[in-house]
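What follows is calculated from the coordinates using simple rules that are stated; it is not laboratory data. Owing to the predicted nature of the structure, the values given are computational and were not obtained by experimental measurement. So basically every Cβ, Gly included, is an ideal-geometry build from the backbone, and we count neighbours across all protein chains shown.
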Amino acid sequence: MVPKILVEQPDIARRVNAVIGIELTGENGGYWTLDLTDTPVIERGKTKEPKCTLTAQVDDFRDLLTNGSVRAALDAFKKKRIQASGHLPTILKLEVLLKSLSKQNNVVA
Amino acid sequence: MKAESLNSDLRDLIDFQAKAVSSHYDLPPKFFAGFLGPRMAYSCGYFADEDNTLEEAEENKLLLTAKKLDLKKEDTILDIGCGWGSFLFYAVENFGCQAVGITVSKEQAAFVNSVAEARGLKDKVRADVVHVYNMDYPREFFNKIVTIGAIEHMDDLHRVFSKSAPFLKEDGLMLVHGMTKPWSAREEELQGISSEVGEMVKEHFGVGYWKSLWELMEALEKSGFEILDHENITRHYQLTVERWLERLQENEAMLVDNIVPEETYREFLVFMAGYIVGFETSHTLCNQILCRKISCGDLRPALPLTRENIVLHSGKGCLCKKD
């Protein structure tokens with residue numbers, strides 16, 4: 001499953017150019033691997049070694065996607081509601097993706 | 001009446017900027033020591049090789065800056081925004097210069113002056129707590145001026161350089177080292193289009209004004225400076241901040257709660273990571289501009305024909321050992 005925005009605008013993924021792990025805890029949580037090195041691929045489970053991993057509660061992550069605010073993301077990170085491990089700058093490259101997702105209906109293709 | 005009003009506005013601006021900038025730099029020096037190199041240089045290092053350490057890059061940058069300014073024992077230097085005095089001490093200890101630094105941060109000035117005392121250099125180096133707009137030194141008192149990583153906090157570069165010029169001797173050299181942003185982003189800002197990230201960066205640093213390169217050069221030329229050389233050192237800043245971030249992460253246990261609250265620590269993590277991306281994507285640029293004070297039409301000392309004396313060549317380790 002790949003968000004529509006990544007299918008329509010693969011350049012967004014190419015700007016990130018990394019494998020990212022997303023680990024969500026709580027109800028409907030789980031681990032996803034985002035491979036944004038070429039044609040965007042999102043797979044459930046740790047299918048590749050990530051350059052960095054973002055960890056959050058499902059609700060906090062949903063808030064992040066919904067409002068797309070970098071300030072809100074910073075506040076969440078400062079308060080440890082979002083955790084990141086590995087290469088931190090790569091996580092920040094997701095900013096453009098998060099903003100795009102928040103503006104569009106998050107439909108998977 | 002109008003003049004009084006303007007002066008009052010300027011006083012308010014100076015007070016605001018001094019407080020805002022201090023909110024960042026008045027954090028305990030031990031916190032900054034937790035990620036900066038041993039010189040406590042809170043600005044871009046210079047990498048003669050990708051594998052240079054932070055310590056080597058700091059030394060290389062200081063050497064390069066000294067070369068560009070053609071430092072000599074008889075020089076009297078003004079360092080605008082001197083930080084914790086890395087360049088002041090380098091110039092005094094390696095070249096025997098006299099040096100004065102200014103900063104709006106009381107913590108930084110106290111640090112510089114205490115180090116000067118501890119090293120027996122009180123008669124050679126000092127830091128004054130003064131805003132750049134309030135500088136007051138004898139006319140042509142200095143023959144070298146340097147400002148490293150400070151113009152980002154200055155709203156009006158025309159005022160800064162016009163204020164600085166009278167303190168510099170005729171033909172005196174000035175090196176301006178600072179960040180700029182590409183014109184496309186700057187133009188949006190001038191049109192009132194602000195970005196959320198841009199506002200957050202300003203808040204993090206207390207106050208910030210990132211101009212474009214041509215605005216910086218225009219301010220220098222209009223203030224009576226001839227631009228001698230420009231070097232884009234953005235890649236060097238990216239490598240520098242990558243090493244700061246590594247050190248910050250390595251020292252987390254020592255810094256968090258002992259020296260700064262965890263939220264402050266984590267804010268620095270994010271901004272460092274953000275700067276790395278900013279440099280990598282040319283959203284933020286870093287430059288060194290060398291210039292000299294001139295009176296147009298007068299006969300000037302001849303300039304060197306090549307850049308040989310103001311460059312560092314590639315090489316492992318600290319290049320200062322080779323000179």
Just to be sure I understand: with springs between alpha-carbon atoms less than 10 Å apart, which residue in B:59, B:263, B:226 has the highest mean-square fluctuation in the Gaussian network model of chain B? B:263
32 Å Cα-Cα threshold exceeded, pairs from B:68/B:211; A:79/B:122; A:51/B:202: A:79/B:122
Averaged over residues of A:72-78, the number of beta carbons from other chains lying within 10 Å of each residue's Cβ is 4
Extension reserve of the residue B:183-residue B:122 stretch, reckoned as 0.36 nm per residue once the Cα distance is removed: 17.6 nm
Provide the FRET efficiency to the nearest 0.05 for the residue B:253-residue B:232 pair, computing r from the beta carbons and using R0 = 51 Å. 0.85
Most mobile of A:93, A:79, A:51 in a GNM of chain A (Cα contacts under 10 Å): A:79
Dipole in debye (nearest 20) - the protein assembly as shown, about Cα centre, beta carbon charges: Lys, Arg +1; Asp, Glu -1: 320
Work out the length of the dipole vector of the range B:13-293 about its Cα centre, built from +1 on the beta-carbon of each Lys and Arg and -1 on the beta-carbon of each Asp and Glu, and round it to the nearest 20 debye. 980
On the formula 1/(1 + (r/R0)^6), with r taken between the Cβ atoms of residue B:218 and residue B:19 and R0 of 35 Å, the FRET efficiency rounded to 0.05 is 0.75
Mind checking which of A:26, A:45, A:86 has the largest fluctuation in a GNM of chain A, springs on alpha carbons under 10 Å? A:26
Contour minus Cα-Cα distance for residue B:76 and residue B:209 (0.36 nm per residue): 45.0 nm
Which listed residue (B:45, B:161, B:109) has the Cα farthest towards the positive end of the charge dipole for the protein assembly as shown, taking +1 on Lys and Arg C-beta and -1 on Asp and Glu C-beta about the Cα centre? B:45
Looking at B:195, B:254, B:36, which one has the Cα that reaches farthest to the positive end of the dipole of the range B:13-293 (charges on Cβ: Lys, Arg +1; Asp, Glu -1)? B:36
In whole angstrom, the spacing between the Cα centers of the range B:278-301 and the range B:14-44 equals 25
Assigning unit charges at the beta carbon (Lys, Arg +1; Asp, Glu -1) and nothing else, what dipole magnitude in debye, to the nearest 20, does the range B:90-174 show about its Cα centre? 200
Could you tally the net charge around residue B:294, taking each other residue with its Cβ under 13 Å from the Cβ of residue B:294, Lys/Arg +1 and Asp/Glu -1? 0
Exposure-ranked with fewest Cβ neighbours within 10 Å first, B:22, B:314 stand as B:314, B:22
Any aspartates and glutamates with Cα under 20 Å of the residue B:316 Cα? List them, leaving off those in the same chain fewer than 8 positions away. B:49, B:50, B:51, B:55, B:56, B:58, B:59, B:242, B:308
Using alpha-carbon pairs under 8 Å, 6+ residues apart, how would you state the relative contact order of the range B:13-293 in percent? 23
What distance in nm lies between label points placed 7 Å from Cα along the C-beta direction at residue A:46 and residue B:133? 5.5
Footprinting exposure proxy for B:183, B:214 (fewest neighbouring C-beta atoms within 10 Å first): B:214, B:183
As a test of the definition: which semi-axes, in Å, follow for chain B when you take the square root of five times each eigenvalue of its alpha carbon gyration tensor? Largest first, please. 27, 25, 21
Just grab the label-to-label distance for residue B:33 and residue B:94, each label 7 Å out from Cα along the Cβ direction, in nm (one decimal). 2.2
Expected sort for B:236, B:230, B:313, A:87 with the fewest Cβ neighbours (10 Å cutoff) up front is B:313, B:230, A:87, B:236
For the range A:1-24 and the range B:128-180, compute the distance between their C-alpha centroids and round to whole Å. 46
